[in-house]
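The values are calculated or read from the model by the stated rules, or taken from the named source; none is laboratory data. Keep in mind it's a predicted model, so treat the numbers as computed, not measured. A quick note on method: Cβ atoms are made from the backbone with ideal geometry, for glycine too, and the neighbour counts reach across all protein chains shown. Just so you know, the surface numbers come from the protein's heavy atoms only, side chains and all, with ligands and any DNA or RNA stripped out. Shrake-Rupley method; radii C 1.70, N 1.55, O 1.52, S 1.80 Å.
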Amino acid sequence: MQSKFKYYLVAFLVVTVWGSTFVSTKLLLLNGLSPAHIFTLRFIIAYILLLAVSLSRRGHRWLATNAKDELLMLGLGVTGGSLYFLTENAAMNYTTTTNTSLIVCMCPLFASLLISPFYRSERMSCFQVVGSLVAAAGVTLVVLNGRFVLNLSPKGDALAFAACLCWAIYSLLLIPASKRYNTLFITRKVFGYGLLSMIPYYIACPDLPPMEAVFNPMSIFHLLFLGCIASTACFLAWNWVVRRLGVIVTTNFVYFNPVVTIVCAWLVLNERITIWLIIGTILILAGMYMADRRASGQAA
């Protein structure tokens, strides 16, 4: 456990940042930017940073070893990049931040169900399943925050479920990619193909972001936060942790997302917070401990 503490800490810091991005995205949407604008601008910033780092290192490469692996990188860029962020950001145009957070943060369950048939080493034991369900119950309590009534929006909720499925597929594809390529190369490919896969969208919907919505202090701050921290730094860190802890254990940290989201929404958007946040957080911690303790035992 102690030898893995640094990986747990990094994963926790990453989901803490990602949990706060719901608020940044909501503010940018209210400021006049579309989901496509937000995704494109943050990924341009991230790709420029990653390319600069890549070019500064020896052994820089543009392409994967073969065409099959290059298609794998394309799949990562679409599922973990363009399609995921478009569906997630668009969901908040039709439903609440609460609903989006609740649905998207169930992706550990989706990922586990999707990955188990393909990789025996990533299959969850009964104990881990129970732990995951306990954590999921904690997520539900945190997100509902004592209201116990969801404001259902079929279109928005369907988009949030699509985002959840995209991340599960990304997690599946990341397993073979991480065994053959380093973290920097994979992450740069994710952002590169994420941007390229947006070209058909802009051909069908030619829509440039309004300059007044981009070049104002609030937008610049949130775009830099999303591009430099939430995208560049966090994707590098996340893919690095996946190589050390495995997809299932790492993805379980996503359960922390709504805790951060609710706290940030309370601070910035004046959303209500109650004792249910504390109870739900305890359940999340307990569920993750159960799942990880079993996984550690299996690894030993």
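Considering only residues that are over 30 Å from Arg180 (Cα atoms), open to solvent by 10 Å² or more (accessible area, probe 1.4 Å) and not polar (S, T, N, Q), which ones fall in segment 68-100?
Passing the criteria: Ala90, Tyr94.
Residue by residue, here is whether (1) part of a helix (DSSP H, G or I); (2) among the polar types (S, T, N, Q); (3) in contact with a Gly (Cβ under 6 Å, 6 or more places away or on another chain) holds:
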| site | (1), (2), (3) |
| --- | --- |
| Leu9 | yes, no, no |
| Phe22 | yes, no, no |
| Leu50 | yes, no, no |
| His60 | no, no, no |
| Thr65 | no, yes, no |
| Glu70 | yes, no, no |
| Gly77 | yes, no, yes |
| Glu88 | yes, no, no |
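Under 7 Å by Cβ, and 6 or more places apart or on different chains, what pairs join a residue from segment 4-30 that is closer than 19 Å to Cys107 by Cα with one that is polar (S, T, N, Q) and modelled with pLDDT of 80 or more?
Listed by first residue and then by second, the contacts come to Ala11/Thr250.
Select, from Phe148, Phe118, the only residue that is at pLDDT 75 or above, open to solvent by 90 Å² or more (accessible area, probe 1.4 Å) and not in a helix (DSSP H, G or I). Full working, then the answer.
Values: Phe148 fails: at pLDDT 75 or above.
After ruling out the rest, the residue left standing is Phe118.
For segment 215-254, what are the residues that are in a helix (DSSP H, G or I), farther than 30 Å from Pro176 by Cβ and among the aromatic types (Phe, Trp, Tyr)? Show your work before the answer.
Taking segment 215-254 as the starting set, the residues that turn out to be in a helix (DSSP H, G or I) are 217-245, 247-254.
Still in the list and also farther than 30 Å from Pro176 by Cβ: 217-225.
Hits for segment 215-254 are Phe221, Phe225.
Would you check which residues across segment 180-214 are assigned to a loop (DSSP other than H, G, I, E, B) and within 14 Å of Arg42 (Cα to Cα) and list them? I'd like the intermediate steps shown before the answer.
Looking only at segment 180-214, we keep the residues that are assigned to a loop (DSSP other than H, G, I, E, B), and these are 181-182, 197-198, 205-210.
Scanning segment 180-214 gives Met198, Pro209.
Based on this model, can you work out whether Leu33 counts as in a loop (DSSP other than H, G, I, E, B) and either among the basic types (Lys, Arg) or modelled with pLDDT of 85 or more (or both)? Spell out how you get there, then give the answer.
On the way: in a loop (DSSP other than H, G, I, E, B): yes; either among the basic types (Lys, Arg) or modelled with pLDDT of 85 or more (or both): yes.
Criteria met by Leu33.
Which residues, counting only those in segment 206-233, are more than 15 Å from the chain's Cα centre (by Cα), open to solvent by 50 Å² or more (accessible area, probe 1.4 Å) and among the β-branched types (Val, Ile, Thr)?
Matches in segment 206-233: Ile220 only.
Looking only at segment 176-203, count how many residues are open to solvent by 10 Å² or more (accessible area, probe 1.4 Å) and either of a type in the set (Val, Ile, Thr) or free of Cβ contacts under 8 Å to residues at least 24 places away in the same chain (or both).
So the count comes out to 6.
Can you confirm whether Ile103 is in a helix (DSSP H, G or I), open to solvent by less than 30 Å² (accessible area, probe 1.4 Å) and in contact with a Cys (Cβ under 7 Å, 6 or more places away or on another chain)?
Numbers: in a helix (DSSP H, G or I): yes; open to solvent by less than 30 Å² (accessible area, probe 1.4 Å): yes; in contact with a Cys (Cβ under 7 Å, 6 or more places away or on another chain): yes.
Yes.
Which one is modelled with the highest pLDDT, of the residues in segment 278-300 that are under 12 Å from Val249 (Cα atoms) and open to solvent by less than 60 Å² (accessible area, probe 1.4 Å)?
So, considering only residues that are under 12 Å from Val249 (Cα atoms) and open to solvent by less than 60 Å² (accessible area, probe 1.4 Å), the one modelled with the highest pLDDT is Gly287.
With Val249, Val241 as the choices, which residue is of a type in the set (A, V, I, L, M), open to solvent by less than 10 Å² (accessible area, probe 1.4 Å), at pLDDT 75 or above and in contact with a helix residue (DSSP H, G or I) (Cβ under 7 Å, 6 or more places away or on another chain)? Before you say what the answer is, go through the steps one by one.
Values: Val249 fails: open to solvent by less than 10 Å² (accessible area, probe 1.4 Å).
Just a single option satisfies the conditions, and that option is Val241.
Under 9 Å between Cβ atoms, which residue pairs at least 6 apart in sequence (or on different chains) link something in segment 129-148 that is on the phi > 0 side of the Ramachandran plot with a partner that is modelled with pLDDT of 75 or more?
Taking only residues 6 or more apart or on different chains, the pairs are Asn145/Gly280; Gly146/Ile275.
Would you check if Val139 is of a type in the set (A, V, I, L, M, F, W, C) and modelled with pLDDT of 75 or more?
Working: of a type in the set (A, V, I, L, M, F, W, C): yes; modelled with pLDDT of 75 or more: no.
Taking the combined requirement at face value, the residue does not satisfy it.
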